[in-house]
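Engineer: Let me begin by handing over the structure; questions about it come next.
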Amino acid sequence: MNSPTPPRVTAVEVVATHPTDADRRILASLSERDHKTVGQIAFVVKLRFASIPEPTSMGWALYVGGEQVPKYWGYQHGIYFKVYERQYFAQHHGDPIRFSHDRQTFIDTGHQLEDISRSTGRRGASGTMTLEQALDD
């Protein structure tokens with residue numbers, strides 16, 4: 001049986017957003033767990049697709065380097081996931097963004113995660129953009 005073809009990613013964008021109520025609970029939990037102050041920004045990593053694939057019962061796992069993204073959501077142009085700690089971007093700088101159908105074979109999207117800690121011109125860099133604004137492009 002042939003595996004389905006993963007969506008073709010045409011762009012990756014990181015947007016700093018104002019945290020939702022659910023994001024604030026996660027940020028508070030991270031702060032308590034790590035015994036340090038965590039910023040009040042939820043970073044949204046958007047993967048724009050060339051076209052939205054038809055729904056199928058065979059889903060794709062998303063990876064940044066060797067680490068599986070535990071949860072991602074769809075939006076009108078592709079998918080997105082959230083990151084709550086800025087150092088995630090430094091730790092995964094240059095890591096390929098990949099899909100896997102069986103968690104053993106990986107398909108590279110041709111895109112890598114950038115280190116936003118060195119970037120000053122990001123959209124919503126102050127975290128004042130809402131999630132809805134970030135996804136409405």
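Engineer: Would you check which residues across region 41-56 are modelled with pLDDT of 85 or more and out of contact with any strand residue (DSSP E or B) (no Cβ under 8 Å at 6 or more places or on another chain) and list them?
Structural biologist: Ser51, Pro53
Engineer: If I filter region 8-21 for residues that are under 27 Å from Gly94 (Cβ atoms), touching a residue at least 24 places away in the same chain (Cβ under 8 Å) and among the polar types (S, T, N, Q), do I get at least one hit?
Structural biologist: Yes, region 8-21 contains at least one residue that is under 27 Å from Gly94 (Cβ atoms), touching a residue at least 24 places away in the same chain (Cβ under 8 Å) and among the polar types (S, T, N, Q).
Engineer: Could you give every pair whose Cβ atoms fall below 6 Å, whose first residue belongs to region 100-112 and is among the charged types (D, E, K, R), and whose second residue is part of a strand (DSSP E or B), counting only separations of at least 6 or pairs across chains?
Structural biologist: Matching pairs, first to second residue: Arg103/Ala61; Asp108/Pro96; Asp108/Arg98.
Engineer: Give me the residue from region 48-74 that is assigned to a strand (DSSP E or B) and touching an Asp or Glu at 6+ places or on another chain (Cβ under 9 Å) and, out of that set, farthest from Thr105 (Cα to Cα).
Structural biologist: So, considering only residues that are assigned to a strand (DSSP E or B) and touching an Asp or Glu at 6+ places or on another chain (Cβ under 9 Å), the one farthest from Thr105 (Cα to Cα) is Arg48.
Engineer: Of (1) surrounded by 13 or more Cβ atoms within 10 Å (Cβ to Cβ); (2) in a loop (DSSP other than H, G, I, E, B); (3) polar (S, T, N, Q), Gln104 satisfies all except one. Which?
Structural biologist: Evaluating Gln104 over (1) surrounded by 13 or more Cβ atoms within 10 Å (Cβ to Cβ); (2) in a loop (DSSP other than H, G, I, E, B); (3) polar (S, T, N, Q) leaves (1) as the failure.
Engineer: Still on this structure: Taking the condition of being touching a residue at least 40 places away in the same chain (Cβ under 8 Å), of a type in the set (Gly, Ala, Ser) and more than 15 Å from Lys71 (Cβ to Cβ), how many residues in region 30-53 meet it?
Structural biologist: 3
Engineer: Restricting to region 12-47, name every residue that is part of a strand (DSSP E or B) and either closer than 20 Å to Phe106 by Cβ or of a type in the set (Val, Ile, Thr) (or both).
Structural biologist: Val12, Val14, Val15, Thr17, Val44, Val45, Leu47
Engineer: Answer yes or no as to whether Tyr63 is in contact (Cβ under 8 Å) with a residue 24 or more places away in the chain, crowded, with 17+ Cβ neighbours inside 10 Å and under 17 Å from Met129 (Cα atoms).
Structural biologist: Taking the combined requirement at face value, the residue does not satisfy it.
Engineer: Only one residue in Phe43, Phe49, Phe81 is surrounded by 12 or more Cβ atoms within 10 Å (Cβ to Cβ), within 24 Å of Leu131 (Cα to Cα) and touching a helix residue (DSSP H, G or I) at 6+ places or on another chain (Cβ under 9 Å), so which one is that?
Structural biologist: Answer to the check: Phe43.
Engineer: Another question, if that's okay. If Val9 satisfies all but one of (1) surrounded by fewer than 18 Cβ atoms within 10 Å (Cβ to Cβ); (2) more than 20 Å from Gln133 (Cα to Cα), what's the number of the condition it fails?
Structural biologist: Unmet condition: (1).
The values are calculated or read from the model by the stated rules, or taken from the named source; none is laboratory data. Remember, it's a predicted structure, so these values are computed and weren't measured experimentally. We place every Cβ from the backbone using ideal geometry, glycine too, and count neighbours over all the protein chains shown.
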